[in-house]
Structure formats: C-alpha cells, structure tokens
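A.B. asks: Have a look at this one.
Since every read-out is calculated from the coordinates, none of them should be taken as a lab result. Only a predicted model underlies this, so the values are computations on that prediction, with no experimental measurement involved. Quick reminder, even Gly has a Cβ in these numbers, built from the backbone with ideal geometry, and neighbours come from all protein chains shown.
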Amino acid sequence: MESLPLAAGQFSQQPNQFTIMHKHQINLPKVTLSAIAFPALFLLLPLSGYSQLMFPGDTNNDGTANHFDLLPIGVAYGMEGPERFGASLVWTPQENTPWATTLPLSGIDLGFVDADGNGIIDSLDIDAIPLNYDSLQNVSIPPPMPWVLPDTFPVVEVPYLQLTFQENTVLEGDTAILFIDYVYPASMPPTASALAMAFTISFDGTLTDDSQTFFEPTPTATDLMHVAAATAFAEGWRSPGEGLVEIATSGRGTPALSMSRPIGKLGIIIEDMILQGQDFDTLEVDIPQRLLINLGEQVIDLGVQKDSLIIAKTVRTTSLTPAPKIQIFPNPVKEQLFIQLNREAEFAWRISNLSGKTFKQGKDMSRSATLSTSDLPSGFYFLEIVGEGWREVEKVFVCE
Ligand SMILES: [Ca+2]
Ligand SMILES: [Ca+2]
C-alpha cells in the first residue's frame, strides 16, 4: 500500500520530464543530441543485459524475503565471490556481478545469497531477512521464480518435528511454553546430510495474544542459525498472520540436522477472559508447512508430532488460602484413579470428555480421593478439581 503514492508521484513527473527533454532535443545541434542519448542507453543496457539485479534478503530469488531464505545461506555457507559495489541491506534492486557458482539444485547464482554483498556467505547475511521480511519484488534479473527443489532424498523412516507443551493445562492469561524438538531416525544413512529446515507452526490465534508470541532458540546449539517471525516481532511487515509462526533453522554448511536435537521453544500467551460459558478449551498446535533439505539442496521428508493444551477458566480467588499441591495418578489409568493433596481441603471433582460431557462427579473433604474409571470407554478425559479459590485440570487417558 505504501508504494502507491510513490508510484503515482513518479508517474505524474515522468511526462513532464519527457516534455522538457523533448523541447531541449529539438533545439540542440545534432552532435550534442547523440551525446545525450548515448549515455542514457549505456545506463540501461547493463541492467537488462549481462548483469544481475538482486534484493538483499531474497536469497532464493523467489520474490520475497522470508524464513525460507535462511536455507540457501546454510547451503552456501563459507563460499566466496565478487563483492557487490555500493551494497546495502535496503530492499531496493541492487546490481551485482554474477558469482558463476550456483546453489546445487535450484541453480540460483550465489550473488543472490550474499545479502550484504561483502563477498562471503556467512551468518551476517541473515540480517537482511528479518529487516525485509515479507517484502515483495518482481524486478530482479533473472526474474524471480518459485523455489522448486525437484530432487528428494529417499528415506526409510521420516525425521520429524515434535511439539510438546511444557504443561498439560494453563489458565487464561498464562504463558504456554511449547518445546520444538527435531527427531532424526537412527536408520538415516550418513549420505543424507540433513542441513536445514523451514516450517510454519500454527495455532488458533483467537485464543492467544499474538502480539506477545516469542521464539527462543536453544541457547547451547551455537552451530545452528535461525530466522523466526510472528506477529509478535511485527515491525513494519514482519507479520505472517494471526496464530502463525515461521521458523527456519540451518547448519553453517555442515549437516547439523543429521542428529536429533532440541530446536527451541515458543512462548504462546493465552488471552485473558476468553472462556465464556465453558470451563475449558483446547489449543491445538500443528506444523502444516515444513521443508527439510540437505547439503545438496535435496528435499528430505519431514513429519510432525502435534500436541494440544487445555486452557482452563481462571477462578478469581477471594480466599487467601493457597492451592494445595495435587498429584493425580496413574496416567494412563485402567481401573482406579487416585487424587492426592498435600493438605486436607474441601474439593469437588468432575470427569468429562473432550467435548465437555460430564461422566462422573463428586465432592470430598480430605487429602485424597479414589475414582473408579473401569466403566469409562477408553480415551482422553479431563479431570477437573475445584476447591475454594483454586482449580486444577488434568488430561487423563483411560485405557481398557
Ligand atoms: Ca525468498
Ligand atoms: Ca555476505
């Protein structure tokens, strides 16, 4: 939208300039006319002829800067080529000398990958990606093309991303921590050389305060590089959309994803006062888009293990009594479920299924309770325990 007034301004000025030049040309003697025309042609030719025009941050030259642009930096890490004269990180077309070396499969010239133009591909080239995130271009030379990687590396077992919430349950207004782990099967051959991945984590943005979502890479994994974007990091255009976080992780030219390892954690802030007329809701997380590549730019299948989280209603406490510590076991359970409190308290309990239907409920005034579960069909249930000024919800699996 911002480019509209600029484009309109340029358009209104150009006819004027053209008219003035035209008048001058008419009055000028022949020799001077060709002297003016020749430099104009000379300026235009290199751009459309043998040179390249690149945009810093669009390392795969697909027309935008986003998390995928980390991957070419990982593939070409440490490569050297000609510097870009007058280089900057600003999202403008920048002329560069072709490196004559390309990404192995997509054939993209490494001049596009050297985002800062200093003649070396390294982690400094990442800076242009968040700076220009979601910016669009369609004037690069060669023109932008979808980044299609046609070759896949066949695998027997699929590596996958595992999402795990730190807790089963959070209250409204709490911060839910989601761990992102990468699981690499032992059966993978050394030739797989898994290097880098880009993926999108999705969740129901209406249940969360997206302006506060954050990503923290695993601090000990210093061999990895990361790019992450969410509405939370919104400065200008950095906004993949509500309930979406785009993340890329890459080794520095080494097969850093050829082993299982933690990638990082996501902090998802649950909206306050969202549950109306219901006691709890479920927040599902998934990774609908994901791409894993190896050192040769080949695609390796990447799976996902999802997780979900129970959001429970916050009870506004009027009592100064702190909530007791509660243990619920065993889980999974077959016949009897035990509730153990660290002090005596009056509490009510309820077992319901995921759609909220109550199966059993009762009241107790003690330090423990025993609930029979043998008559429940196998599946997931919520066990809700409510005392004066406190509340606890656990997800329980009943098996036969
Ligand atoms: Ca791109
Ligand atoms: Ca560079």
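A.B. asks: Which entries in the list 306/363; 325/395; 306/360; 363/395 go over 23 Å, if you measure between the two C-alpha atoms of each?
C.D. replies: 306/363; 306/360
A.B. asks: Moving to a separate point now. According to a simple spin-label model (label point 7 Å from Cα along Cα-to-Cβ), what is the distance in nm between residue 308 and residue 204?
C.D. replies: The two pseudo-label positions are separated by 0.9 nm.
A.B. asks: Follow-up. If you find the alpha carbon centre of the range 135-191 and of the range 252-282, how far apart are they in angstrom?
C.D. replies: Centre-to-centre distance over Cα atoms comes out at 13 Å.
A.B. asks: Something else about it: For the pair residue 325 and residue 378, what calculated FRET efficiency results from E = 1/(1 + (r/R0)^6), where r is the Cβ-Cβ distance and R0 = 30 Å, to the nearest 0.05?
C.D. replies: Taking R0 as 30 Å, the efficiency between residue 378 and residue 325 is 0.55.
A.B. asks: What is the magnitude of the charge dipole of the range 160-312 about its Cα centre, with +1 placed on the Cβ of each Lys and Arg, -1 on the Cβ of each Asp and Glu, and no other charges, expressed in debye to the nearest 20?
C.D. replies: About 900 debye.
A.B. asks: Now for a separate question. Under 14 Å Cα-Cα from residue 334, which aspartates and glutamates qualify once same-chain neighbours fewer than 8 residues away are excluded?
C.D. replies: Here the aspartates and glutamates satisfying the reach criterion relative to residue 334 are 375, 400.
A.B. asks: Next question, about the same structure. Using the Karplus curve 6.51 cos²θ - 1.76 cosθ + 1.60 with θ = phi - 60°, what ³J(HN,Hα) values do you get for each residue of the range 171-182, in whole Hz, with x for Gly and Pro?
C.D. replies: 9, 3, x, 7, 9, 8, 9, 10, 7, 10, 10, 10
A.B. asks: Sorted by packing (mean other beta-carbon atoms within 10 Å per residue), highest first, where do 272-279, 292-299, 169-176 land?
C.D. replies: Per-residue mean Cβ counts within 10 Å order the peptides as 292-299, 169-176, 272-279.
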